[in-house]
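Before any comments, here is the structure.
The values are calculated or read from the model by the stated rules, or taken from the named source; none is laboratory data. On a predicted model such as this, the values are computed, not experimentally measured, just so you know. In this analysis, Cβ positions are derived from the backbone assuming ideal geometry, glycine residues included, and neighbour counts consider all displayed protein chains.
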């Protein structure tokens, strides 16, 4: 029997994400890093450098540039250790086609690829995974590297203050990490072949930045909503799930189904995304906005790599708040092999 792409993906034995303390690199290997402004952007690189073995680094520089980005630090680290470094520029406000760009840059490599997503935007993660998935030889030797942070602002008390402001003034906008939405980005390479006239279902990951979901609903006018609510693996952050629901007023939304999944274990997100697709994909146009955690975004990228009739949409931020408002420190590192997802 001929199986559908959804059935192929569903039946795959999903690899687990493994905690690790180092990346064992070889001279031909490539580590893809992104110069974001979180401290964990350099975590994997620093640990790889401790082995004293040469390897290759592909640095993705964000444009427009932000002074606090770690690109210069990454460049200096590589130069000091004699590491071969190649750079690519990524324009947040014009990101179309980047998956193809990075694939072309790496296509001559026959070694392993380590994709450090710790400093990447969610849209960039999806673009890279979908781009690489078109070349099975890449996925067979590709690994996702993810470093947790030590702390994740805001504190519960800070979030409660913001929520109280919303309750006293419903027009008050809650901004924790970014300020406003520049536009809802739809990229040609992540578009859908589904009929434009079909009813739409928006699959979204509500966050503490309530303007993201508001912008998506206003711009896309979906007929139905599927909301995936994240449960942090650390108990001291599990208050966020209920806080996010309150900030976004999820209980007031109609025509909505809600799921609760881990923010770390991507396979939970992938399983629920497949269920949503199998339940609704035949009659509805599925739009997915990857605004959840970075490992949840890996699940979105893997899903879109298999299911080309899904449209990816992304609320590109207008501006970012101060770097200290983001995560602090470098925590546990994790490694995920993508070999089982290579298409044969």
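Table: residues versus (1) over 30 Å from residue 147 (Cα atoms); (2) in contact with a helix residue (DSSP H, G or I) (Cβ under 6 Å, 6 or more places away or on another chain); (3) buried (at least 17 other Cβ atoms within 10 Å of the Cβ).
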| site | (1), (2), (3) |
| --- | --- |
| 201 | yes, yes, yes |
| 210 | no, yes, yes |
| 238 | no, no, no |
| 245 | no, no, no |
| 264 | no, yes, yes |
| 267 | no, no, yes |
| 284 | yes, no, yes |
| 289 | no, yes, yes |
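Quick one: how many residues across the stretch 211-242 are closer than 29 Å to residue 283 by Cα and in a loop (DSSP other than H, G, I, E, B)? Give the derivation first.
To start, the set of residues in the stretch 211-242 that are closer than 29 Å to residue 283 by Cα comprises 211-230.
Among the residues that remain, those that are also in a loop (DSSP other than H, G, I, E, B) are: 221-223.
Result for the stretch 211-242: 3.
Just to be sure I understand, how many residues within the stretch 8-66 are loosely packed, with under 12 Cβ neighbours inside 10 Å, over 19 Å from the mean Cα position of the chain (by Cα) and within 19 Å of residue 264 (Cα to Cα)?
2
Does any residue in the stretch 1-21 that is assigned to a loop (DSSP other than H, G, I, E, B) come within less than 9 Å, Cβ to Cβ, of a residue that is exposed (fewer than 11 other Cβ atoms within 10 Å of the Cβ) six or more places away or on a different chain, and which pairs are these?
From the stretch 1-21, the pairs are 3/11.
In the stretch 273-282, which residues are surrounded by 16 or more Cβ atoms within 10 Å (Cβ to Cβ) and over 22 Å from residue 209 (Cβ atoms)?
Listed by number, the residues that qualify are 274, 276, 277, 280, 281.
Residues being modelled with pLDDT under 90, surrounded by fewer than 17 Cβ atoms within 10 Å (Cβ to Cβ) and assigned to a helix (DSSP H, G or I): count how many of those fall in the stretch 133-162.
Final tally of qualifying residues: 5.
Just one of 264, 287 is in a strand (DSSP E or B) and more than 15 Å from residue 129 (Cα to Cα); which is it?
Only one candidate passes the filter, namely 287.
Given the condition buried (at least 19 other Cβ atoms within 10 Å of the Cβ), assigned to a helix (DSSP H, G or I) and at pLDDT 95 or above, answer yes or no: does some residue in the stretch 306-318 qualify?
Looking through the stretch 306-318, at least one residue is buried (at least 19 other Cβ atoms within 10 Å of the Cβ), assigned to a helix (DSSP H, G or I) and at pLDDT 95 or above.
Evaluate the stretch 249-261: report whether one residue or more is crowded, with 20+ Cβ neighbours inside 10 Å and either at pLDDT 95 or above or at positive phi (or both).
yes
Checking the condition assigned to a loop (DSSP other than H, G, I, E, B), without any contact (Cβ under 8 Å) to a residue 60 or more places away in the chain and more than 25 Å from residue 11 (Cβ to Cβ), which residue from 254, 207 passes?
254
Residues being under 22 Å from the mean Cα position of the chain (by Cα) and assigned to a loop (DSSP other than H, G, I, E, B): count how many of those fall in the stretch 267-284.
Residues meeting the conditions: 0.
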